[in-house]
Amino acid sequence: MKEESVKLNITGMTCSACSSRIERKLSKQKGISEVAINLSTAKGRVAYDRDILNEGDIIRLIEDIGFGASKEAGDTAEAEKQTKIILILSVIFTLPMSLAMFDHVFELNMFPLIFMNKWVQFVLASFVQFVGGWRFYKGAYANLKHGSTNMDVLVAMGTTTAYLYSVVSMFFDGHLYFEASAMLITLVLLGKYLESIAKSRTADALRSLMELGAKTAVVIHDGKEAEVGVESVMIGETLVIKPGTKIPLDGEIISGSSYIDESMVTGESLPVLKESGAEVTGGTVNGGGTLLVRVTRVGADTLLSRIIRMVEDAQAIKAPIQRMADVISSYFVPLVIIFALMAFTLWFFILGAGFTKAIIIFTSVIVISCPCALGLATPTSVMTATGRAASFGVLFKGGEHLEKLSHADTLVLDKTGTVTEGKPAVRETETSPGFSRDDMLKFAAAAEKLSEHPLAKAVIEAAAELELPQAENAVTDAGKGIKATVSGRTVAVGSRRLTDADFSSLDKRAEELEALGRTLVYVAVDGQAAGLIAVSDKIKTGAKALVEYAERLGIEVFMLTGDTQKAAEAVAHEAGIKNVIAGVLPDGKKDVIERLKSDGRSVVMVGDGINDAPSLALADVGIAMGTGTDVAIETAGVTLLKGTMKELAVALKISRSAMNNIKLSLFWALIYNILGIPLAAMGYLSPIIAGAAMSFSSVSVVLNALRLKRWNPDKYLRRVQ
């Protein structure tokens, strides 16, 4: 089996019944394992077995159902322009009939009587019915041909009923409803046009990401600079990045330094200083310095390409709540038609209201019941939320992860690299009489410069602002430390066993620091105790505030680590975490997640290492630090680009904001139908008002989703940075 996936652009969908029908049809096809159709983006993703069928077969299957499909992106601007032209023509042909009707009803005698002529109205209405309404007839035919129904069926049925009734009435001097059918089609077209504009705005975040990439790059070839298309650049080539220009591809700085504006990728507003050896990301903007960058990733492997791919996938994969809405929509249209026929029967045959009254009620029920708003509620919100989250460095792999995260009640944090920075740092120093802190650090850092011990770098960084003397004659004692000559004096840096110096005056402080989980580095100069340096993995900025925020959301926080209980509790205390699970072997993390889930908890696991991958996969939602391993990132459902506490808080909050937004849209969509259908059936709504209400409901749902575009984490997360 050779499984592949293809992303397609789909045309002709008008409501969730359309997307659901494509999914059902393709899912039944042998060789297709997964189908996800997104109504809001008009895109679909299909996973298939290449040994059984190919992309062309899938496109033909979609076309057989009555929709268009292609791998190339359609010109949405051109489609919107065509809809706008049809809408304007429909308005021009509808307006005279509508104004004549109002003039006649209110006896204003201000409008030419010619527009009250039945043949003039017939011509005007026919244009609107069959030119303006052609898209509805086309969609209805495609659906009915395959034994299904959608919004097009309801619009075509309702307007055709009013139109044909008026045509027949022309020959029997009955009342005409040409203006009703024309106004109905025009209002629905207006709603669809506004809806398409609003929906296009939900994709702004994705389009912005796509526009970040540079089109050209300046490459050094044979010692000369040459500007080439970015797609022709190879890994290992050297790029020249001039001040104020975009960095075309991911790479490593080999010469120069500059402040880089990474805001478009990470959401951080302040430029970051990057020097030789630092990694840079394609799409970010160089500041004032000229850089030479060696390319490390190209094409689909660049960070920007991976972000775009993850956002696209997130918008294609449906949330469970969307599947529920699709099921409701699939049964909704047939039930509405049955209900409309029942209303017609009641009014005409039982209440004896007359054919005209009954047909108007039938039309009103049909028109007001379109399930567009119900189908749009979830995908538009998911699309907007995932796009907005991406702008703050939070990447969701699918709507299901967004929904599951909103229900989380348990947050499990791996210690190293998640709660902490993942690298040792000097936390405290203590000196003996006769030695200042700076003197002790100078001696220690000078000696450690000749050491390869993991803690040496932490000591050197602590003395970064000090001028270090030269060290020589270094001797390393494995497991104990290093001895060296610094400015003519013998310096020993390491464990207490390395030297015979008397550190008894520091014993009490040493015990206190060890109780906090610190690793102690002793420093002796010429056999005398100079002091001690306490080193530990520093907790990330905002870790404590994140824990407090999670608890305010009703989430219980656990810290998981392989460290000793004592060391783990010290870190947990500093971060404000009450639940500590320590001494867990790498393969035991998965068991902890299983145990928490068996208690009925909705578990979120946050990690960054290869050993975290099984537990990330098992958790209800796995969140990977973007600074971690590729295995962890591939396994998780959510990725935090910079691995910060603020990004984690953004993920927790925006998932809840998105679900609240979806529930509000679904509430109004359902309430609208629950109230609207009975009112139409009781004769309180004319077809024109019903059509206007139906169009307004769809537009309002999309506009509600667009509120998420203005979502700002600073409003909620001022302390989590």
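Using the structure shown, decide if residue 412 is β-branched (Val, Ile, Thr), within 30 Å of residue 551 (Cα to Cα) and in a strand (DSSP E or B). Criteria met by residue 412.
As for segment 599-614, it holds at least one residue that is more than 30 Å from residue 421 (Cβ to Cβ), outside the structural domain of residue 352 (by TED's automatic domain parsing) and at pLDDT 90 or above.
Take segment 402-452 and flag every residue that is among the hydrophobic types (A, V, I, L, M, F, W, C) and closer than 30 Å to residue 616 by Cα. Spell out how you get there, then give the answer.
In the first step, residues of segment 402-452 are kept if they are among the hydrophobic types (A, V, I, L, M, F, W, C); the result is 402, 405, 408, 411-413, 419, 425-426, 435, 440-441, 443-447, 450.
Correct list: 402, 405, 408, 411, 412, 413, 419, 425.
Just so you know, in segment 424-443 the residues that are out of contact with any Gly (no Cβ under 8 Å at 6 or more places or on another chain), not in a strand (DSSP E or B) and not polar (S, T, N, Q) include one that is surrounded by the fewest Cβ atoms within 10 Å (Cβ to Cβ), and it is 433.
Can you find even one residue in segment 665-679 that is closer than 30 Å to residue 622 by Cβ and assigned to a helix (DSSP H, G or I)?
Of the residues in segment 665-679, the ones closer than 30 Å to residue 622 by Cβ are 665-666.
Filter once more, so that each one left must be assigned to a helix (DSSP H, G or I): 665-666.
Yes - at least one qualifying residue is present in segment 665-679.
Is it the case that segment 529-545 has a residue that's farther than 28 Å from residue 647 by Cα, at pLDDT below 90 and either in the same structural domain as residue 590 (by TED's automatic domain parsing) or touching a helix residue (DSSP H, G or I) at 6+ places or on another chain (Cβ under 7 Å) (or both)? There is no residue in segment 529-545 that is farther than 28 Å from residue 647 by Cα, at pLDDT below 90 and either in the same structural domain as residue 590 (by TED's automatic domain parsing) or touching a helix residue (DSSP H, G or I) at 6+ places or on another chain (Cβ under 7 Å) (or both).
Number of residues in segment 453-484 that are over 21 Å from residue 437 (Cα atoms), of a type outside the set (Gly, Ala, Ser) and either out of contact with any strand residue (DSSP E or B) (no Cβ under 8 Å at 6 or more places or on another chain) or part of a helix (DSSP H, G or I) (or both) equals 0.
Being surrounded by 24 or more Cβ atoms within 10 Å (Cβ to Cβ) and either out of contact with any Asp or Glu (no Cβ under 7 Å at 6 or more places or on another chain) or not aliphatic (A, V, I, L, M) (or both) is the filter here; which residues of segment 394-404 pass it?
From segment 394-404, those surrounded by 24 or more Cβ atoms within 10 Å (Cβ to Cβ) are 394-396, 399, 401-402; that's our starting set.
Correct list: 395, 396, 399, 401, 402.
One residue alone among 345, 416 is more than 30 Å from residue 531 (Cα to Cα) and of a type in the set (S, T, N, Q), and that residue is 345.
If you go through segment 597-611 and keep only what is surrounded by fewer than 24 Cβ atoms within 10 Å (Cβ to Cβ) and closer than 21 Å to residue 407 by Cα, you end up with 597, 598, 599, 600, 601, 602.
Restricted to segment 9-34, and to residues that are outside any helix (DSSP H, G or I) and within 24 Å of residue 698 (Cβ to Cβ), which residue is modelled with the lowest pLDDT?
Here is the first cut: in segment 9-34, the ones outside any helix (DSSP H, G or I) are 9-15, 28-34.
Then keep just the ones that are within 24 Å of residue 698 (Cβ to Cβ); that gives 9-15.
Details: 9: 83, 10: 86, 11: 82, 12: 80, 13: 81, 14: 73, 15: 69.
The extreme case among them is 15.
Taking the conditions (1) surrounded by fewer than 21 Cβ atoms within 10 Å (Cβ to Cβ); (2) of a type in the set (Gly, Ala, Ser); (3) under 27 Å from the mean Cα position of the chain (by Cα); (4) at pLDDT 85 or above in turn, residue 5 satisfies each one other than (4).
Restricting 484, 510, 463, 492 to residues that are in contact with a helix residue (DSSP H, G or I) (Cβ under 6 Å, 6 or more places away or on another chain) and within 16 Å of residue 428 (Cα to Cα) narrows the list to 463. Just to be sure before I move on: is residue 421 over 30 Å from residue 606 (Cα atoms) and surrounded by 13 or more Cβ atoms within 10 Å (Cβ to Cβ) in the structure I sent? Considered against the rule, which asks whether it is over 30 Å from residue 606 (Cα atoms) and surrounded by 13 or more Cβ atoms within 10 Å (Cβ to Cβ), residue 421 comes out as no.
Could you list, in sequence order, the residues of segment 697-716 that are without any contact (Cβ under 8 Å) to a residue 40 or more places away in the chain and among the basic types (Lys, Arg)? Before the answer, list the steps.
Just the residues of segment 697-716 that are without any contact (Cβ under 8 Å) to a residue 40 or more places away in the chain, to begin with: 710, 712, 714-715.
Hits for segment 697-716 are 710, 715.
For residue 645, the conditions (1) at pLDDT 90 or above; (2) farther than 14 Å from residue 412 by Cα; (3) aliphatic (A, V, I, L, M) all hold with the exception of (2).
Is at least one residue of segment 693-705 over 28 Å from the mean Cα position of the chain (by Cα), assigned by TED's automatic domain parsing to the domain that holds residue 378 and hydrophobic (A, V, I, L, M, F, W, C)? Can you show your working first?
Taking segment 693-705 and keeping what is over 28 Å from the mean Cα position of the chain (by Cα), we get 693-694.
Adding the requirement that they be assigned by TED's automatic domain parsing to the domain that holds residue 378 leaves 693-694.
Narrowing further to those that are hydrophobic (A, V, I, L, M, F, W, C): 693-694.
Within segment 693-705 (the criterion being over 28 Å from the mean Cα position of the chain (by Cα), assigned by TED's automatic domain parsing to the domain that holds residue 378 and hydrophobic (A, V, I, L, M, F, W, C)), the answer is yes, since at least one residue qualifies.
Just to be sure, is residue 479 under 30 Å from residue 601 (Cβ atoms) and at pLDDT below 90? The answer is no for residue 479.
On inspection, residue 409 qualifies as in contact with a Ser or Thr (Cβ under 8 Å, 6 or more places away or on another chain) and surrounded by fewer than 23 Cβ atoms within 10 Å (Cβ to Cβ). Residues of segment 612-634 that are closer than 16 Å to residue 405 by Cα and surrounded by fewer than 24 Cβ atoms within 10 Å (Cβ to Cβ): 617, 618, 620.
Among the residues of segment 243-255, is there at least one that is buried (at least 18 other Cβ atoms within 10 Å of the Cβ), over 30 Å from residue 355 (Cβ atoms), modelled with pLDDT under 75 and touching an Asp or Glu at 6+ places or on another chain (Cβ under 9 Å)? Steps first, please.
Narrowing segment 243-255 to residues buried (at least 18 other Cβ atoms within 10 Å of the Cβ): 246-251, 253.
Of the ones still in play, those that are also over 30 Å from residue 355 (Cβ atoms) are 246-251, 253.
Right, trim to modelled with pLDDT under 75 and you get none.
Taking every residue of segment 243-255 in turn, none turns out to be buried (at least 18 other Cβ atoms within 10 Å of the Cβ), over 30 Å from residue 355 (Cβ atoms), modelled with pLDDT under 75 and touching an Asp or Glu at 6+ places or on another chain (Cβ under 9 Å).
When segment 369-409 is limited to residues that are charged (D, E, K, R), modelled with pLDDT of 85 or more and assigned to a helix (DSSP H, G or I), the one that is nearest to residue 663 (Cα to Cα) turns out to be 403. If you go through segment 498-528 and keep only what is among the aromatic types (Phe, Trp, Tyr) and either in a strand (DSSP E or B) or at pLDDT below 90 (or both), you end up with just 522.
So that you can scan it fast, the table gives a plain yes or no per residue for (1) modelled with pLDDT of 70 or more; (2) touching a Pro at 6+ places or on another chain (Cβ under 8 Å); (3) over 28 Å from residue 22 (Cα atoms):
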{"position": "269", "(1), (2), (3)": "no, no, yes"}
{"position": "273", "(1), (2), (3)": "yes, no, yes"}
{"position": "286", "(1), (2), (3)": "yes, yes, yes"}
{"position": "299", "(1), (2), (3)": "yes, no, yes"}
{"position": "304", "(1), (2), (3)": "yes, no, yes"}
{"position": "310", "(1), (2), (3)": "no, no, no"}
{"position": "320", "(1), (2), (3)": "yes, no, no"}
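Residue 650 meets all of the listed conditions (1) assigned to a helix (DSSP H, G or I); (2) in contact with an Asp or Glu (Cβ under 9 Å, 6 or more places away or on another chain) but one, namely (2). Taking residue 446 as the residue in question, decide whether it is crowded, with 19+ Cβ neighbours inside 10 Å and part of a helix (DSSP H, G or I). In short, yes.
The number of residues in segment 570-596 being in a helix (DSSP H, G or I) and either among the small types (Gly, Ala, Ser) or within 17 Å of residue 411 (Cα to Cα) (or both) comes to 14.
Residue-wise test of (1) over 24 Å from residue 453 (Cβ atoms); (2) buried (at least 18 other Cβ atoms within 10 Å of the Cβ).
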| residue | (1), (2) |
| --- | --- |
| 489 | no, no |
| 492 | no, yes |
| 497 | no, no |
| 506 | no, yes |
| 514 | no, no |
| 518 | no, yes |
| 548 | yes, no |
| 570 | no, yes |
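The values are calculated or read from the model by the stated rules, or taken from the named source; none is laboratory data. Source: prediction; values computed, not measured. So basically every Cβ, Gly included, is an ideal-geometry build from the backbone, and we count neighbours across all protein chains shown.
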